[in-house]
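K.L.:
Below is the structure I would like to discuss, written out as structure tokens.
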Amino acid sequence: MNTQASDEPKRRFAYEVVERLRTAGFQALWAGGCVRDLVLGQAPTDYDVATDATPEHVMRLFRRTVPVGVSFGVVRVLGPPGAGQVEVATFRSDGQYLDGRRPESVRFGRAEEDALRRDFTINGMFYDPIRDEVIDYVGGRADLERGVIRAIGDPRARFREDKLRLVRAVRFAARFGFSIEAETHAAIVALAAQVTVVAAERIAQELRRLLVDRSRRRGVELLAETRLLGEILPEVEDVRVAGDLEVWRRTLGTLAALEEEPPPSFPLALAALLQGVPIQEGPADATGLWPVGRVRGVLGRLRISNAEQERVAWLVRHQDALGRVWGSTPAARKELLAHAGSEDLIRLSRARCLAEGREPDVAEAACRYLRELPEGPLEPEPLITGADLRGLGIEPGPIYRELLDAVRREQLNGRLATREDALRWVEAHQHK
Ligand code: ATP
Ligand code: MG
């Protein structure tokens, strides 16, 4: 099987890991997603190895290892620079899932059992890189050819065991442009309401993978079709079913129109998805916090990092700001573009225009502006400080902030260029 050259060091290392285990007398195979990707002729992002060696054996055989889940039999083996890392997992069958979230126990076993515990047939294959042979106990190859996502075994039982698989089915169907096999699909719809028992972090992780992929529009449509959207993101489902149809169309269009090079960040793609969800405007409340708009509700529930929450909320709140500031003052343009999220905002704005069939003029202009800075730097050194105001004999107080802000605005607008100009300006304005 051929893959791209950039993948070579990773692939070679994953080969060596298998070779070393075999030499020590163990079975070892590439497993899961990497086999699927190789059969499809795509370069895997990661290689996983499955073996009958126990974690203790694995840690003894390789010098640089990190035990990532020894009770589940997973050891990470670190490669030489550029070769990434390989997760080596002991063949296992999962015990009962009592809470629908994680197995109560695992039992180390044989390759075939290890295939049967995996989620979908296309994810359940092994590959022997030494003999160049696919080992397929679950009919994964046929389903890859047919373009079908099919649960391994009884779909309802498998989804009941681990409800995250409901979302994973949608993610893989979207990513590969596959259909979901009828019984698997029916089981997802029937069990969709139970997805909420899954830890928010795991749902967020799948949502992240779904949204950064270029198939994100299809992914969201499939979430809606399987009733998962209403469970995971009821705020978005409300936009879809109860909101303005145009807004929902624009949302889907934006998801499809986001630039892929480089792929959008998760906050950018999520902001595109949340564009129709009301975000609270207005001043902070008595506690000094922003009122919790529905966008905040989503972000808090997904438990993504504060930095990502801030970025998404900023993007949603400023989704129309670019057009507004463009006809405004240089200071307004500079303030918006100096924000760390401005490149994402430009990409969001461009995609929204394309979704509405308009030319993304403002986005292009903003791009050029950032490249050329025709009105000077976005964040020049301040011309004066509070010490200068004291030097002018001005009584300290709230007036300081007002004067410094006003000078800053004049500076960004190109009307004040030097400290002397600024001091003169303050003297002329301090009593107004
Ligand atoms: P990706 O390229 O998106 O990482 P992947 O197939 O590698 O796709 P992972 O989430 O990295 O997906 O999981 C690796 C493998 O582990 C899967 O291919 C599947 O065989 C198995 N697996 C992962 N999550 C589950 C799950 N919830 N239930 C059953 N098997 C799973
Ligand atoms: Mg993976």
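The values are calculated or read from the model by the stated rules, or taken from the named source; none is laboratory data. Please read these numbers as outputs of a predicted model, since none were measured by experiment. Every residue, glycine among them, receives a Cβ derived from its backbone with ideal geometry; neighbour counts consider all protein chains shown.
K.L.:
Restricting to segment 168-181, give me the number of residues that are more than 9 Å from ligand 1 (Cβ to nearest atom), out of contact with any strand residue (DSSP E or B) (no Cβ under 9 Å at 6 or more places or on another chain) and outside any loop (DSSP other than H, G, I, E, B). Show your work before the answer.
P.N.:
Step one: list which residues in segment 168-181 are more than 9 Å from ligand 1 (Cβ to nearest atom), which gives 169-170, 173-174, 176-181.
Remaining after also requiring out of contact with any strand residue (DSSP E or B) (no Cβ under 9 Å at 6 or more places or on another chain): 174, 177.
Checking which are outside any loop (DSSP other than H, G, I, E, B) leaves us with 174.
Here the count works out to 1.
K.L.:
Is it the case that LEU403 is of a type outside the set (Val, Ile, Thr), part of a helix (DSSP H, G or I), over 30 Å from SER349 (Cα atoms) and out of contact with any Pro (no Cβ under 7 Å at 6 or more places or on another chain)?
P.N.:
In short, yes.
K.L.:
Might you check whether a residue that is under 20 Å from CYS34 (Cα atoms), surrounded by fewer than 16 Cβ atoms within 10 Å (Cβ to Cβ) and in contact with an Asp or Glu (Cβ under 9 Å, 6 or more places away or on another chain) occurs anywhere in segment 121-141?
P.N.:
Yes, segment 121-141 contains at least one residue that is under 20 Å from CYS34 (Cα atoms), surrounded by fewer than 16 Cβ atoms within 10 Å (Cβ to Cβ) and in contact with an Asp or Glu (Cβ under 9 Å, 6 or more places away or on another chain).
K.L.:
A further question on this structure: From PHE172, PHE178, grab the single residue that is within 16 Å of ligand 2 (Cβ to nearest atom) and modelled with pLDDT of 95 or more. Give the steps one after another, and end with the answer.
P.N.:
Values: PHE178 fails: within 16 Å of ligand 2 (Cβ to nearest atom).
Of PHE172, PHE178, the one residue that is within 16 Å of ligand 2 (Cβ to nearest atom) and modelled with pLDDT of 95 or more is PHE172.
K.L.:
With the requirement that a residue be more than 12 Å from LEU337 (Cβ to Cβ), not in a helix (DSSP H, G or I) and not acidic (Asp, Glu), what does segment 377-393 give you?
P.N.:
From segment 377-393, those more than 12 Å from LEU337 (Cβ to Cβ) are 380-393; that's our starting set.
Imposing the further condition that a residue be not in a helix (DSSP H, G or I) reduces the set to 380-385, 392-393.
Hits for segment 377-393 are PRO380, PRO382, LEU383, ILE384, THR385, LEU392, GLY393.
K.L.:
Kindly indicate which of ARG165, ARG158 is part of a helix (DSSP H, G or I), in contact with a strand residue (DSSP E or B) (Cβ under 6 Å, 6 or more places away or on another chain) and more than 23 Å from GLY41 (Cα to Cα). I'd like the intermediate steps shown before the answer.
P.N.:
On the way: ARG165 fails: in contact with a strand residue (DSSP E or B) (Cβ under 6 Å, 6 or more places away or on another chain).
Only one candidate passes the filter, namely ARG158.
K.L.:
Let me ask another. Test VAL70 against the stated conditions and say whether it is farther than 30 Å from VAL197 by Cα and more than 12 Å from ligand 1 (Cβ to nearest atom). Full working, then the answer.
P.N.:
Working: farther than 30 Å from VAL197 by Cα: no; more than 12 Å from ligand 1 (Cβ to nearest atom): yes.
No: the conditions fail for VAL70.
K.L.:
Under 6 Å by Cβ, and 6 or more places apart or on different chains, what pairs join a residue from segment 61-73 that is among the charged types (D, E, K, R) with one that is modelled with pLDDT of 95 or more?
P.N.:
Within 6 Å, the pairs are ARG64/LEU78.
Condition check ((1) at pLDDT 95 or above; (2) among the basic types (Lys, Arg); (3) more than 14 Å from ARG352 (Cα to Cα)) across all residues:
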site	(1), (2), (3)
ARG218	yes, yes, yes
LEU223	yes, no, yes
THR226	yes, no, yes
GLY230	yes, no, yes
LEU233	yes, no, yes
GLY243	no, no, yes
GLU246	yes, no, no
LEU255	yes, no, no
GLU259	yes, no, no
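K.L.:
Please identify the pairs in which a residue from segment 11-37 that is under 15 Å from ARG60 (Cα atoms) and free of Cβ contacts under 8 Å to residues at least 40 places away in the same chain has its Cβ atom under 6 Å from the Cβ atom of a residue that is part of a helix (DSSP H, G or I) and more than 16 Å from ligand 2 (Cβ to nearest atom), counting only partners at least 6 apart or on another chain.
P.N.:
Note: pairs meeting the criteria are ALA24/LEU61.
Yes or no, residue by residue, for (1) assigned by TED's automatic domain parsing to the domain that holds LEU416; (2) in contact (Cβ under 8 Å) with a residue 40 or more places away in the chain:
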site: ARG358; (1), (2): no, no
site: ASP361; (1), (2): no, no
site: GLU364; (1), (2): no, no
site: LEU378; (1), (2): no, yes
site: GLY391; (1), (2): yes, no
site: PRO396; (1), (2): yes, no
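K.L.:
Which of (1) at negative phi; (2) touching a helix residue (DSSP H, G or I) at 6+ places or on another chain (Cβ under 8 Å); (3) within 16 Å of ligand 2 (Cβ to nearest atom) does PHE91 not meet, given it meets every other one?
P.N.:
(3)
K.L.:
Which of the residues belonging to segment 3-42 are in contact with a Lys or Arg (Cβ under 7 Å, 6 or more places away or on another chain) and modelled with pLDDT under 95? Reasoning before the result, please.
P.N.:
Here is the first cut: in segment 3-42, the residues in contact with a Lys or Arg (Cβ under 7 Å, 6 or more places away or on another chain) are 3, 28, 32, 39.
THR3, the sole residue that qualifies.
K.L.:
I'd like to check something: does segment 49-72 contain any residue that is on the phi > 0 side of the Ramachandran plot, at pLDDT 95 or above and over 24 Å from the mean Cα position of the chain (by Cα)?
P.N.:
no
K.L.:
Quickly run through segment 41-67 and pick out the residues that are within 16 Å of ligand 2 (Cβ to nearest atom) and out of contact with any Gly (no Cβ under 6 Å at 6 or more places or on another chain). Quick ask: steps written out before the conclusion?
P.N.:
In the first step, residues of segment 41-67 are kept if they are within 16 Å of ligand 2 (Cβ to nearest atom); the result is 42-50.
Matches in segment 41-67: GLN42, ALA43, PRO44, THR45, ASP46, TYR47, VAL49, ALA50.
So that you can scan it fast, the table gives a plain yes or no per residue for (1) away from ligand 2 (no atom under 16 Å from the Cβ); (2) in a helix (DSSP H, G or I); (3) among the aromatic types (Phe, Trp, Tyr):
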position: LEU211; (1), (2), (3): yes, yes, no
position: ARG214; (1), (2), (3): yes, no, no
position: GLY219; (1), (2), (3): yes, yes, no
position: LEU223; (1), (2), (3): yes, yes, no
position: GLU231; (1), (2), (3): yes, yes, no
position: VAL236; (1), (2), (3): yes, yes, no
position: ARG240; (1), (2), (3): yes, yes, no
position: TRP248; (1), (2), (3): yes, yes, yes
position: THR251; (1), (2), (3): yes, yes, no
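K.L.:
Being of a type in the set (Asp, Glu) and more than 9 Å from ligand 1 (Cβ to nearest atom) is the filter here, so list the residues in segment 32-59 that pass it.
P.N.:
Applying the first criterion (of a type in the set (Asp, Glu)) to segment 32-59 yields 37, 46, 48, 52, 56.
Hits for segment 32-59 are ASP52, GLU56.
K.L.:
Oh, and also: State which residue is surrounded by the fewest Cβ atoms within 10 Å (Cβ to Cβ) when the search covers only segment 18-40 and only residues that are among the β-branched types (Val, Ile, Thr) and over 30 Å from the mean Cα position of the chain (by Cα).
P.N.:
Taking segment 18-40 as the starting set, the residues that turn out to be among the β-branched types (Val, Ile, Thr) are 18, 23, 35, 39.
Next, only the ones that are over 30 Å from the mean Cα position of the chain (by Cα) stay: 18, 23.
On the way: VAL18: 24, THR23: 10.
Once the filter is applied, the top-ranked residue is THR23.
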